[in-house]
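Report on the following structure.
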Amino acid sequence: QVQFVESGGDLVRPGGSLRLSCAASGSIFSIYAMGWYRQAPGKQRELVATIADGGSPNYGDSVKGRFTISRDNAKNTVYLQMNNLKPEDTAVYYCNALIKPSRSGGPNYYWGQGTQVTVSS
């Protein structure tokens with residue numbers, strides 16, 4: 001099994017910043033990609049950002065220029081630096097990873113439990 005520890009969600013004023021982190025542990029042979037998705041009340045889950053192992057980051061249109069994704073492969077951890085936050089960024093943010101759990105078999109997608117980000121004055 002794969003477990004995630006997500007942290008960093010909080011209440012912040014518009015224009016403020018937050019840094020989310022997500023550490024994966026458990027049965028991990030290799031991690032191909034890690035990323036973040038978010039879901040606001042009444043809306044579908046949407047892409048925030050992803051980053052492949054050794055690849056370029058990929059961002060959702062609504063966060064380009066404001067959010068930065070990075071990863072530390074030695075720690076199996078992905079980070080999301082969020083700057084110039086807006087009320088419309090309010091959502092539950094979910095960590096996601098494409099992980100090969102063992103030498104044999106294929107990779108699977110795994111999800112974290114989510115962390116709440118609220119942007120409000």
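Derivation of every value follows stated rules applied to the coordinates shown; laboratory data play no part. Predicted model only: the values in this text are computed from it and were never measured. When we count neighbours, we look across all protein chains shown, and the Cβ atoms used for this are built from the backbone with ideal geometry, even at glycine.
Relative to the Cα centre, the charge distribution of the chain, modelled as +1 at Lys and Arg Cβ and -1 at Asp and Glu Cβ, gives a dipole magnitude of about 80 debye. Close amide H partners of Phe67, meaning residues 5 or more places away or on another chain with modelled amide H under 5 Å apart, are Asn83. For segment 112-120, 3J(HN,Hα) computed residue by residue from phi via the Karplus equation (6.51, -1.76, 1.60; θ = phi - 60°) reads x, 7, x, 9, 7, 10, 10, 10, 7 Hz, glycine and proline entered as x. The number of Lys pairs in segment 18-121 with C-alpha atoms less than 28 Å apart, excluding pairs fewer than 8 positions apart on the same chain, is 5.
If a/c stays under 1.5 just call it rounded; otherwise compare a/b with b/c (prolate if a/b is bigger, oblate if not). Do that for segment 11-65, with a ≥ b ≥ c from the square roots of the Cα gyration tensor eigenvalues.
On the way: a/c = 1.77, a/b = 1.65, b/c = 1.08.
Prolate, because a/c is 1.5 or more and a/b exceeds b/c.
Sequence-ordered 3J(HN,Hα) estimates for segment 87-103 from the Karplus curve with 6.51, -1.76 and 1.60 and θ = phi - 60° stand at x, 6, 7, 4, 4, 8, 9, 10, 7, 9, 8, 9, 10, 9, x, 8, 4 Hz, glycine and proline given as x.
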